[in-house]
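The values are calculated or read from the model by the stated rules, or taken from the named source; none is laboratory data. Quick caveat: nothing in here was measured; it's all calculated off a predicted structure. As a convention, Cβ positions derive from the backbone with ideal geometry for all residues, glycine included, and neighbour counts pool all protein chains shown.
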Amino acid sequence: MKLKTLEITGFKSFAERTKIEFMPGITGVVGPNGSGKSNIIEAIRWVMGEQSAKGLRGDKMADVIFGGTSERAPLNRAEVAITFDNTDHYLNSDYSEITITRTLYRNGDSNYQINGVQVRLKDIHELFMDSGLGRESFSIISQGRVESIFSAKPVERRSIIEDVAGVYKYKQNKDKAEKELGDVHDNLTRITDILYELQGRVEPLAQESAKAQDYLTTKASYDQLDQSRIVLELLDWYQEKDELTTKLTTVQDDYDTQQKVVNTKKKGLEKFRQEQIALNEKQQKLQEVLLESIKQVEQLTGEQNLQSERLKNRTETMTDLNNRLTVATERLTSLDETYQTCLQELTDQQAKYTHYQQAIQQATDSHPRTKLAKLNTTIEQVRHDLVAIMQDLTSAKNEQNYLAQENQRSDAESLRLRQRQAKIDQRLADANSLVEEQNQHVDQTEKTLTEAQRSFEELKKKGQELEQQRNTERQAWFTKMEQEQRLSTRLQSLQHLSENYDGYYQGVKNLMKAQQQFEGIQDVIANLISVDDQHRVAIETALGSALQHVVVQNEQAGKSAIQYLAKHRLGRVTFLPQTTIKARQLPDYQIATVQNLPGFVGVASSLVTTAAAYQNIIANLLGTTVVVTDMSAAIPMAKQLKHRVRLVTLDGQIMNAGGSMTGGATRQHGNGLLSQKTEIDQLTKQESELHQATLALEQQVKQIDQQLKEVTEAFNQQQARVLSANEEWQNNKANLQLAKSTLKQVKKEQAALQYDYQLAADSQHKKASVDQNEQSIAELSAQQQKLQQNLDDYLRQRSDLEFEIAQADQQISDFKSAFAKAEATLSSLTTRKKDLLEQKNAEQDQVKTIQRQITDLKQDKNDVQKRLAQQLKDVQQQKMTAEQDLETLKFELQQVQEQYDTTNSELSIIQDTVSEMLTKISQYNGRLGELRSSINTNEQLLETTYDTSFEFAKSEMLNLDIATIRTKLKLLKQGLDEIGHVNLNAIDEYKTVKERYDFLTQQKQDLIAAKDNLQETMSEMDTEVITRFQSTFDAIAEQFAKIFVKMFGGGQASLVLTDPEHLLTTGIDIKAQPPGKKFQQMSLLSGGEKALTAISLLFAILAVRPVPFAILDETEAALDEANVDRFARYLHEVNHRTQFIVITHRKGTMTEADVLYGVTMQEPGVSTMVSVNLTDLDETLVEN
């Protein structure tokens, strides 16, 4: 494989499209510093997938796009295309020629292409994978790479050998295996801890399981008798309930009848009240009319007096009004004339305003600047075409030189080619026959192998999926078990505290520990109730120390316990006998009061859940306490209740009966007895849920293990079939390969012959192409001259157009100045017009007022007096009518009030009767409520405790009376008490724990096996790394010793392992003895000697792992002339196997190059290329 061409467009300093053709051998790139030589190397790295902007000497990737100069605008994209000759298929591709293109736009968009087809960056990396090429391979060697070798530490140099040896993937796999080994170790530790815990549970659970079996037998008999007792009690309560319901219905009907009468009376009262409202409104209106009439009488009387006074001065008033009228009329005429003059001026100024506005618009529309933009576009296009023509002209001239050289080498080959043709044809026929025969054998065995491999891969994939699924499920299972273990430990700790009554008073604690010695002791209040979490603090506060009161069946049980405590001086305890303590509750009117107040939560006893046997006790303790949201609600509620009820807030503050308040907080808030009990209940529920989840995951792991075992057996059988089929296929394939090799060799010879024929034919064709190319050069030169002339003409047009633009800008500026003056004058005249119009309207109103006053004075005196007298008479009549209507309304209001009082008295009598009925209804409902509660409690007891219905229990009821049933229940209860506490879950728990213990034991064995397997795998990978590293190191060391002698012209050098006993961690040191010096460490050499030694090592690596081409970026910069010559000669010696592209400043390297490219900057900031074929130049010089 060879590097053919590199095309650069817009990349860094290569603003124009530049194509570099690489010939076999050594290609040199020269040029002054800063001309852009290194940009060629960076373009190659970039197109091959470089992603680091800093590695390309930039801050961001967009910096690789040509950024512009003082004479050139920046470009919007960069594009590089590199072409490889892949006829030997060195790269894993079917194409014989591969072109990779990378494009980057300034907005950040980019794309990659292979032979014009858009691909991903990953596809580019995969193309170069394991080829020795790529962004960071040894195919690109810079001066920095050389420096890194001699300045690196021995351990750092190790990575160079590892890269060549290809052990990176093994190191990655080892890291992955170490991580898996850590996970296995963690899981093994976790499962060992769990097994240790389970081991101590198996034997005790076996004993508890047997005890639980005895308990279940006795409990079944007890439950059957208890169900019969419940049914008999329910039958009695049902009968009483029916009788009370009948009485309640009768009283309710009477109540409904009287309630209708009450409603009728209330409607009558409402009717009278509405009539009163209507009459009052009418009375108010009449009073307003009367008041208005009185005002009008006073006004008309005053007006009569005023009119008489005005007639006395009639002559003088008339004269004054006439004078005022004359002056106002003259002033109005003057204002009208001034207004008309202003209108005319405004019209003239409006015309000027419109004229200048149109002039500005016309000048703007016809502005020559629009022509300038089009002309600039045309100039840029002509410049672009001119550059393209110049590039094509340069390419055509280079092609002309090449064709002239090729025409000299075409005649001598024809005779030799015809002689080889006959021999190759016979060998080709024999080889084709053999390949056809072997192909049939390979196809048959390959079909068998493919089918076996397909089944093998399916089983392998299924096994991997199951293995991954098992690891995932097992990890989740281990995690759940760890969570369950932590939660169980916390729960056991709390249960231990609860069983030992930690946190209780000393007397309560001592008594409850000795509870079994007494009959009739039930439990402490804290253990007999359940409370929602939101009400817990309030109930805990309300009960206070009562949480530690002990409930006993009767006074005798309490007496025995007190004697025991007193005798042994064990403390004091408060007892609550069930036979003595009665329920307490708030009166109905108080409950009705608080229920409608804001902040009411409930009566404390209703917020607590307890067994029916303890409801009276709970009602006694909490029945008269009300729970509210906060103190803001408690204070007004206490006032409504006249401070007769105790109130407790949800956060534990107290408003005591009588008005005192208790509140605040302690640091141990949340650690009370109810909090502890609530936490135990919550943890018990969480433990159950977590245990079920753990068991479910455990079952899934078991199922996956079984499936994995079956798949593994099938996989092993199929693997044996694949190996057998593969062996047969390999044998046939080897025979076919041998036949194909023979055929390929013959075809290569035939292809070489055809290629030689083609070369000869091409040479003849090239002779004819010389004249055609000469004609193309002439045409391109003519096009270049024409485009240059057009460009000069357009530039002159642009200069003239810029002068016209300046004149047009000045004209528009003058128009805008005149327009601004006209606009200001127009605004002033508009304001003046508005002021004159307002003055004119005011004078017109003044004239009309004076004229009306004159008219009133001219009217006859008698007519005015008559009019005023008639108006006064009418108003006085209206006043008398209003006074009469008011008297009538007062009488009607009195009658309606009497009717309202009579109806209200009758309503009070009826309401007393209704109140008595309500009392009876309340009593009946109270008893019915008690019956319903008892019935509901027993029915729920049947449903919740015995999971049955009343009908079914009745059908299964024993044929015994209630007294006999209660006697037998007492005996069975004693039997259950003798059995004592049992764990009913012990039976299933023992079975589950035993199965789990056995399963976890198996899992532990699997983890131990997995651990051993991972350690063995890691050991095998270490062995492979050591083997590869040792062989690669030996090969490179051998080549390094040879190449060092060539590069230095003598001396000796070697690569030395710093720790040969530990090949996985050893570093690499370099020892060298240049001619005339002693054998010493590399660090003691001079700078030039270090550089040449490092170059020798790089060449040794290339010798061990050859690459199709290598790019050297000023690698020999630190060498003197003699060493440069040896460096260049070595390149010349090995360029038959590796194509070299060398960026250099050194004469010795240039001398050995076959082709030289010069990079210059004729235009600042823009790189251009010039090429010289030194081989052809040497031949030309020899001929001359």
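Any residue at all in region 244-266 that is surrounded by fewer than 16 Cβ atoms within 10 Å (Cβ to Cβ), under 30 Å from Ala953 (Cβ atoms), among the acidic types (Asp, Glu) and touching a residue at least 40 places away in the same chain (Cβ under 8 Å)?
no
Looking at Lys1147 and the list (1) at pLDDT below 80; (2) assigned by TED's automatic domain parsing to the domain that holds Val30, which single condition is not satisfied?
The single condition Lys1147 does not satisfy is (1).
Does Gly28 qualify as being touching a Ser or Thr at 6+ places or on another chain (Cβ under 8 Å) and closer than 24 Å to Met1161 by Cα?
In short, yes.
Every residue in region 160-191 that is hydroxyl-bearing (Ser, Thr, Tyr) and surrounded by 13 or more Cβ atoms within 10 Å (Cβ to Cβ), please.
Tyr170
Under 6 Å between Cβ atoms, at least 6 apart or on separate chains: pull out the pairs that start in region 74-89 with a residue that is under 17 Å from Asn111 (Cβ atoms) and end on any residue that is part of a loop (DSSP other than H, G, I, E, B) and of a type in the set (D, E, K, R).
Going by the 6 Å Cβ cut-off, the qualifying pairs are Asn76/Arg106.
This table checks each residue for (1) surrounded by 15 or more Cβ atoms within 10 Å (Cβ to Cβ); (2) of a type in the set (Ser, Thr, Tyr); (3) under 30 Å from Asp163 (Cβ atoms).
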residue	(1), (2), (3)
Arg966	no, no, no
Leu972	yes, no, no
Tyr990	yes, yes, no
Arg996	yes, no, no
Ala1009	no, no, no
Met1018	yes, no, yes
Val1025	yes, no, yes
Ser1031	no, yes, yes
Glu1038	yes, no, yes
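For Thr27, indicate whether it is assigned by TED's automatic domain parsing to the domain that holds Asn1135 and at pLDDT 90 or above.
Answer is no for this residue.
For the structure I just gave you, tell me whether Gln468 is more than 20 Å from Lys709 (Cα to Cα), out of contact with any helix residue (DSSP H, G or I) (no Cβ under 9 Å at 6 or more places or on another chain) and without any contact (Cβ under 8 Å) to a residue 40 or more places away in the chain.
no
So, in region 1039-1066, exactly how many residues are under 30 Å from Val1124 (Cα atoms), out of contact with any Phe, Trp or Tyr (no Cβ under 7 Å at 6 or more places or on another chain) and touching a residue at least 60 places away in the same chain (Cβ under 8 Å)?
Here the count works out to 4.
Which pairs turn up if I take residues in region 146-165 that are touching a residue at least 12 places away in the same chain (Cβ under 8 Å) and at negative phi and look for partners that are buried (at least 21 other Cβ atoms within 10 Å of the Cβ) and in a loop (DSSP other than H, G, I, E, B) with beta carbon separation below 7 Å, at least 6 apart in sequence or on another chain?
Between residues of region 146-165 that are touching a residue at least 12 places away in the same chain (Cβ under 8 Å) and at negative phi and residues that are buried (at least 21 other Cβ atoms within 10 Å of the Cβ) and in a loop (DSSP other than H, G, I, E, B), the close pairs are Val146/Thr1115.
Can you name the residue in region 605-650 that is assigned to a strand (DSSP E or B) and not hydrophobic (A, V, I, L, M, F, W, C) and, of all such residues, is farthest from Thr593 (Cα to Cα)?
So, considering only residues that are assigned to a strand (DSSP E or B) and not hydrophobic (A, V, I, L, M, F, W, C), the one farthest from Thr593 (Cα to Cα) is Thr610.
For region 1-49, enumerate the residues that are in contact (Cβ under 8 Å) with a residue 60 or more places away in the chain and among the aromatic types (Phe, Trp, Tyr).
Phe11, Phe14, Phe22
Please find, within region 576-605, the residue that is surrounded by the most Cβ atoms within 10 Å (Cβ to Cβ) out of those that are touching an Asp or Glu at 6+ places or on another chain (Cβ under 9 Å) and more than 30 Å from Thr649 (Cβ to Cβ).
Taking the candidates together, the pick is Pro577.
Return the only residue of Tyr170, Tyr215 being among the hydroxyl-bearing types (Ser, Thr, Tyr), in contact (Cβ under 8 Å) with a residue 60 or more places away in the chain and under 30 Å from Phe1040 (Cα atoms).
The conditions single out Tyr170.
Taking region 1063-1076 as the region of interest, how many residues are over 59 Å from the mean Cα position of the chain (by Cα) and either exposed (fewer than 12 other Cβ atoms within 10 Å of the Cβ) or at pLDDT below 80 (or both)?
Of the residues in that region, 2 qualify.
Just a yes or no: is a residue in region 220-239 without any contact (Cβ under 8 Å) to a residue 40 or more places away in the chain, in a helix (DSSP H, G or I) and either of a type in the set (Asp, Glu) or surrounded by 15 or more Cβ atoms within 10 Å (Cβ to Cβ) (or both)?
Yes - at least one qualifying residue is present in region 220-239.
Conditions tested, residue by residue: (1) modelled with pLDDT of 80 or more; (2) over 30 Å from Val289 (Cβ atoms).
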position	(1), (2)
Glu883	no, no
Asn904	no, yes
Met917	no, yes
Gln923	yes, yes
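Within region 950-1000, how many residues turn out to be assigned to a helix (DSSP H, G or I) and over 52 Å from the mean Cα position of the chain (by Cα)?
24
Given Thr1151, Thr1144, which one is surrounded by fewer than 17 Cβ atoms within 10 Å (Cβ to Cβ) and either under 17 Å from Met23 (Cβ atoms) or touching a helix residue (DSSP H, G or I) at 6+ places or on another chain (Cβ under 6 Å) (or both)?
Thr1151
Test Gln1003 against the stated conditions and say whether it is among the polar types (S, T, N, Q), within 57 Å of the chain's Cα centre (by Cα) and surrounded by 15 or more Cβ atoms within 10 Å (Cβ to Cβ).
Yes: the conditions hold for Gln1003.
How many of the residues making up region 521-532 are touching a residue at least 40 places away in the same chain (Cβ under 8 Å), out of contact with any Ser or Thr (no Cβ under 6 Å at 6 or more places or on another chain) and surrounded by fewer than 18 Cβ atoms within 10 Å (Cβ to Cβ)?
Number satisfying all stated conditions: 2.
Across region 53-67, which residue is nearest to Ile1111 (Cα to Cα) among those that are in contact (Cβ under 8 Å) with a residue 12 or more places away in the chain and part of a loop (DSSP other than H, G, I, E, B)?
Per the criteria, the residue is Arg57.
Could you tell me which of the residues Gly520, Gly544 is on the phi > 0 side of the Ramachandran plot, touching a strand residue (DSSP E or B) at 6+ places or on another chain (Cβ under 7 Å) and at pLDDT 70 or above?
Gly520
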